[in-house]
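Engineer: My questions will all concern the structure given below.
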Amino acid sequence: MAKTGKLSVNIRSDSGFFGSDVPVEIRDSQMHLVKKSQNERLFPLPVGLYEVSAVLEDGRRYKQLVQIKDQETVPVELGFSEQDQAPESSSQADPFAIPSYERPRYTQKIESITDTGTESKTGSTARVIEVNGALLKREAGLLWVFECKEDQLNFVPNAIIQIGAQKIQISLPISPNSDFPYNSCVVKVEETRNGTHADAWISKERTVANALQNMLASGYVLRAADVANDAVDLLRYKYSDPTGAALGALILYKVGRLERWRSWVENLANDFDWLPDGKVMLATLLYNDASSRDRALELAIRASSQRMLFAESYSLLLDLLRRWPGDLDREERRRATSKLALLAPYIDWESICLNQAVVDGDNV
């Protein structure tokens, strides 16, 4: 009889959803996948060496090597705190390799933010000079916490931040009808080898939406889509977090899984007129049906007149209008396409939320 033991996996997470529903992968010494389960946490395995891993809500893949022994249960904990295992990206790095740009993530709780001044390591300063549709709740170094100003919004909230001589206008992924910090976001300025980079992050307390953004930033798009698909019941509560729902829709669209949720996207587009990303998602779905293209074009043109929340929604809208068949002389479409194309060079495409340069004192 073959010798066997057991592997017991514990996922350390602040979220009940991620603690119980995150898929765990187990590979043998030849790196062949031998087990993958979303809910199972106790695995009978033949004696041998295994790698156990999971992508958690900070958007990183965590892994650990374990030796399974006969008649023994080996406990493993995977988590993202400093006391837990290091993420995959930090293990056995080549000291001579040129580091590639890595988009920052955000996993800090709002309550842990403390005031550390407003000057960066290189001496450049940054300050918020204008806030629209939001309230500046807290400031700490090159980091700002914003919350929703009103229970009802008429446009995507945004802020203008001056970093040295540069001014940027950034969309804020905050949602109405929730209490702080569940209606908040964090704008964080990072200094990378490619220069100073700013991004707006859904607060960590909005666990699922924050995880989706972190996974998207990490390049785990398929994993993020799995989470969005599995968490659709949570995302259905879009009346409390429409920006999180819009991000889930965008991720599902990227991997071709949004069509089955068309009625859900209809609600997102119709019930939240201030959030044009929903209109963009719906227009892209309707475009595939020739009989619905008139409505799709109306949605696209309407969205082009509003400030977008996500940079990729902007890109999708511009691409959709550019490749529209026929109607070459339709003035509304031409104006919308020209406007989007004119502003595109000023967008920071590394930023998940729309981040545009402000030129000559005008909001771009």
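Engineer: Using only alpha carbon pairs under 8 Å that are at least six residues apart, calculate the relative contact order of segment 103-364 and give it in whole percent.
Structural biologist: Over segment 103-364, the number comes to 17 percent.
Engineer: Then there is this: Along Cα→Cβ, 7 Å out, is where each label goes; now give me the distance between the ones at D70 and R330 in nm to one decimal.
Structural biologist: 7.4 nm
Engineer: Kindly state, to the nearest 0.05, the FRET efficiency for Q162 paired with R12, given R0 = 35 Å and r defined as their beta-carbon distance.
Structural biologist: 0.35
Engineer: I need the P(r) histogram for segment 4-83: all alpha carbon pairs, bin width 10 Å from 0 out to the longest distance, whole percents.
Structural biologist: For segment 4-83, the pair-distance distribution reads 19, 54, 24, 2.
Engineer: Identify all lysines with a Cα-Cα distance to K167 below 20 Å; exclude those on the same chain that are fewer than 8 residues away in sequence.
Structural biologist: Qualifying lysines at Cα under 20 Å: K121, K188.
Engineer: Now, a different point. Could you pull the Rg and Dmax for segment 232-359, using just the Cα atoms, both in Å?
Structural biologist: According to the Cα coordinates of segment 232-359, Rg and Dmax are 14.2, 43 Å.
Engineer: Another one. What pairs from K63/K204; K137/K204; K254/K279 go past 19 Å between their alpha carbons?
Structural biologist: Result: K63/K204 exceed 19 Å.
Engineer: With contacts defined as alpha carbon pairs under 8 Å and 6 or more residues apart, what's the relative contact order of segment 4-83 in percent?
Structural biologist: 39 percent
Any read-out appearing in this document is the output of simple, stated calculations on the displayed coordinates, not a laboratory observation. Only a predicted model underlies this, so the values are computations on that prediction, with no experimental measurement involved. A quick note on method: Cβ atoms are made from the backbone with ideal geometry, for glycine too, and the neighbour counts reach across all protein chains shown.
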